[in-house]
Amino acid sequence: MEWNRSRSILLSLCAVVLFAVVLLVTDALAVPLCMQACQVFLSLEGEELPLTLTVYIASVPGWICLYSLFRLLLNLRRGAVFTAVNGRYMRRTSWCCILAGVLFLAAAWFWLPFVFAGIAAGFMGLIVRIVKNIFEQAIAMKDELDYTI
Amino acid sequence: MKAVGAMIVVNLDVMMARRKISAGELAERVGITPANLSVLKNNKARAVRFSTLEALCRVLDCQPGDLLEYVPDGKE
């Protein structure tokens, strides 16, 4: 099978859908999983509620992030690449990653390993933000070119 | 008068009226789309290629100075 841009975008779309399914399952099973994890694996009594809340609250930016990435990929598929709308989707994605990072860092108060999730999410947000900056420069350059007769 | 920044104004309408040529015909003979010609006429263009300017001068039988006018800062 010959690989091309269209298939690459399709693969990315499938990955986004897969992550959405994972997040949906996580949200659906958050309560029993956190209860079991606290009691059996972590020996944390009384910390079920904060851990569960962390999962649910952090999933909100996760859903927004996945939706933005999905819409961005659909636009790429249509051929609309360097547009202001796509720039907004990237900005939204970066802020969602940073917000999730902050939430996990705050939740590290209850369970220290959340620090790693917080740092990873924050770093991802930083990478997306820098790519967004590059994207905005490309949009400005394209705009200049479009209005060169 | 509305205060605006300094700008280059494209006076295509004047030359088109003198040569009695329509926008559609001019666009076709110059080799640009009617949409791009409209962008040029309405002073929305950011830049003009020399090849486009040469084609406009050839079709309208004029000089670049007949088409382009510098308007200093503060005047419209």
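Read-outs throughout are calculated quantities, based only on the coordinates presented, and are distinct from any laboratory measurement. Treat the numbers as computed from the prediction; the structure is a model and nothing was measured. All Cβ positions, glycine included, derive from the backbone under ideal geometry; neighbour counts span all protein chains shown.
Miscellaneous remarks
- Counting Cβ atoms of other protein chains within 10 Å of each residue's Cβ and taking the mean over peptide A:140-149 gives 4.
- Over all other residues within a Cβ to Cβ distance under 13 Å of residue B:36, the charged ones net out to +2, with Lys and Arg as +1 and Asp and Glu as -1.
- Over chain A, relative contact order from alpha-carbon pairs under 8 Å, at least 6 apart, %: 21
- Only DSSP H runs of four or more residues enter the estimate; each adds -39500 (n - 2.57), and after division by the residues of the protein assembly as shown the mean residue ellipticity at 222 nm equals -24000 deg cm²/dmol.
- Note on residue B:71 and residue B:53: the model spin-label points, each 7 Å out from Cα along the C-beta direction, lie 1.9 nm apart.
- Peptide ranges A:7-16, A:126-135 listed from the most packed, as the mean C-beta count within 10 angstrom indicates: A:126-135, A:7-16
- Remark: the protein assembly as shown carries a charge dipole of roughly 660 debye about the Cα centre, counting +1 on each Lys and Arg Cβ and -1 on each Asp and Glu Cβ.
- Considering chain A, its Cα convex hull presents a mean projected area of 10.9 nm².
- Pairwise label distance in nanometres, residue B:25 with residue A:24, each label 7 Å out on the Cα-Cβ vector: 6.2
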